[in-house]
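The values are calculated or read from the model by the stated rules, or taken from the named source; none is laboratory data. All figures in this text were calculated on a predicted structure; none of them were measured in a lab. Every residue, glycine as well, gets a Cβ built from its backbone with ideal geometry; the counts of neighbours run over all protein chains shown.
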Amino acid sequence: MRYDRCKKLFKDDFKKLQNSKILILGVGGVGGHALDCLYRSGLTNITIVDYDTYEITNQNRQIGSEAIGVYKVEHLKTLYPNITAINQKIDLDFIQNFDFDSYDIILDAIDDIKPKIALIKKYYKKLVSTTGSAKRTDPSKIEYINIFKTYNDPFARKLRDILKKERFNKNFKVIFSSENPKCTDMGSFIGVTGSFGLMMCSIAIQKLLKKET
């Protein structure tokens, strides 16, 4: 059976995981691996949202990126047929108007500051967010800690500063890397970006297992 080993691991909780409804925002180098991890673990009631097409520069780290020029969500739907694919830009309008309430958990792998801040402020209780995964080479430096305790990450610093200004003081954890960036341009390594996605998947599953039915 396809999920036999997952059932052996999660036992009676496996059905609970299968019945969970999941939303993934952004399916690039991080979100794509989170999707793959969840799907292979038996969680297939997944909605993905993205507006980008694959480019040749994505091929060093993104699942499905052989389909250059194709919308990511459309191609991923062919690889993971049970998912729901939404080809839409994730901006402030989307955050304000989309129905997030029906989802058990939201995975945030977007890198646009304004919608990310809006998402954190409104849905922090069921949100798993990542900070910067590019420019790094050591996956052992990845942690899951309070956003206000992050360091060595300019992207996380921007998030912290805005959240402080907007008086957000919740104990909100993010996935981040304490490794100093190795370059100034957008260099990336699948060993880290993929590990961010796998950690997203793991944390999501842990949260779902703790969720009361």
Take region 157-207 and flag every residue that is farther than 19 Å from K122 by Cα, touching an Asp or Glu at 6+ places or on another chain (Cβ under 8 Å) and of a type in the set (A, V, I, L, M).
V192
Looking at region 80-94, which of the residues that are assigned to a loop (DSSP other than H, G, I, E, B) and either under 18 Å from the mean Cα position of the chain (by Cα) or of a type in the set (A, V, I, L, M, F, W, C) (or both) is farthest from T44 (Cα to Cα)?
D91
Just checking, how many residues over region 134-160 are of a type in the set (S, T, Y), in contact with a strand residue (DSSP E or B) (Cβ under 9 Å, 6 or more places away or on another chain) and under 11 Å from N180 (Cα atoms)?
1
Just checking, does region 184-191 include any residue being surrounded by fewer than 18 Cβ atoms within 10 Å (Cβ to Cβ), over 15 Å from the mean Cα position of the chain (by Cα), among the hydrophobic types (A, V, I, L, M, F, W, C) and modelled with pLDDT of 95 or more?
no
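If you take the residues in region 125-159 that are of a type in the set (D, E, K, R) and surrounded by 19 or more Cβ atoms within 10 Å (Cβ to Cβ), which one is farthest from I113 (Cα to Cα)? If you could, list the steps in order and put the result at the bottom.
Applying the first criterion (of a type in the set (D, E, K, R)) to region 125-159 yields 125-126, 135-136, 138, 141, 143, 149, 153, 157-158.
Applying the additional criterion that residues be surrounded by 19 or more Cβ atoms within 10 Å (Cβ to Cβ) yields 135-136, 153.
Numbers: K135: 18, R136: 20, D153: 14 Å.
Filtering first and then ranking leaves R136.
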Quick one: which of A204, A109 is at pLDDT 95 or above, crowded, with 18+ Cβ neighbours inside 10 Å and touching a Gly at 6+ places or on another chain (Cβ under 8 Å)?
A109
For residues that are more than 16 Å from the chain's Cα centre (by Cα) and in contact (Cβ under 8 Å) with a residue 40 or more places away in the chain, scanning just region 192-213, find the one that is nearest to K7 (Cα to Cα).
L209
